1. If one puts a single equal scatterer on every Cα of the chain and applies the Debye formula without solvent, what log₁₀ I(q)/I(0) results at q = 0.14 Å⁻¹?
2. At 0.36 nm per residue, minus the direct Cα-Cα distance, what do ASN133 and GLN97 gain on full extension? Give it in nm, one decimal, please.
3. Restricting to Cα pairs below 8 Å that are 6+ residues apart, what does the relative contact order work out to for the range 1-159? Please round to a whole percent.
4. Take each uninterrupted DSSP H stretch in the chain, measure its Cα extent along the helix axis, and return the ones at 30 Å or beyond whose mean Kyte-Doolittle hydropathy is at least 0.5.
5. Just grab the label-to-label distance for ARG144 and ARG59, each label 7 Å out from Cα along the Cβ direction, in nm (one decimal).
6. Which of these, ALA105, ALA73, ALA151, has the largest mean-square fluctuation under a Gaussian network model of the chain (Cα springs below 10 Å)?
7. What figure in square angstrom, to the nearest 10, would you give for the accessible area of ASP63 with a 1.4 Å probe?
8. Which far-off residues, 5 or more places away or on another chain, put their amide H under 5 Å from the one on CYS138, with H placed in the peptide plane?
Amino acid sequence: MTADARTAPIDLEPMRSDARCLLADQRELPSEGELEVLTAQLRGHLMLAIPVVAALADRFPEDDVPSACAHAAVMEARNRLGLDPRPSLPVRVAYAQRLARSVNALCDHYENLSGGQPVVLDPQRAALLGLWNHCVHCETCTTRDEDGVNANLPCAAAERLYGVYRRAAGARGVRS
């Protein structure tokens, strides 16, 4: 993989725009459908931003305060992605608002740590980012069954990208 293929710019404007939709004062509760779409978009933004901000923070010494803050924001975002909110609409709105706050925080850390320079990821992170990018936008990977659960349909592109990730992880001696 070339350095160009591993360069990971983040387009902050759509990320911040989606976050503002839930964090704006005096906004009405979104409909069920709007909330589902917005939550998925925020989760996708976090999945893209987490490895990039982590890579940026890794460039700095351990005792660097902005880097430590960025690592804390990355860990909090990962924890929020792992949560499964209860089915009531107000609880799901609160969950999406927490995701939106994490998106804003990661955007801030990206701006603060990147200094406008391109971010070059290690091959494993770049491969994972490529897999996430594909899966969140692929019709096959996001197809849901009649119960609304991911149908886990086979996708040749996702399988190829997962193979790239596994090879990159193996090259680093990491088991996935």
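1. At q = 0.14 Å⁻¹ the computed log10 ratios are -0.84.
2. Details: separation 36, 0.36 × 36 = 12.96 nm, distance 2.25 nm.
Between ASN133 and GLN97, full extension yields an extra 10.7 nm.
3. Across the range 1-159, relative contact order equals 33 percent.
4. On the way: long enough: 32-58 (39 Å, 0.83); 89-114 (37 Å, -0.10).
The answer, listed by residue number, is 32-58.
5. Distance between label points: 3.9 nm.
6. Among ALA105, ALA73, ALA151, the largest mean-square fluctuation in the Gaussian network model of the chain belongs to ALA151.
7. For ASP63, the solvent-accessible surface is approximately 130 Å².
8. Those qualifying (amide H under 5 Å, at least 5 residues apart or on another chain) number zero.
The values are calculated or read from the model by the stated rules, or taken from the named source; none is laboratory data. The shown structure was predicted, so the numbers you read here are calculated from the model rather than taken from an experiment. Cβ sites come from the backbone with ideal geometry, for glycine too, and all protein chains shown count toward neighbours. All accessible areas refer to the heavy atoms of the entire protein, side chains included, with ligands and DNA or RNA removed. Shrake-Rupley method; radii C 1.70, N 1.55, O 1.52, S 1.80 Å.
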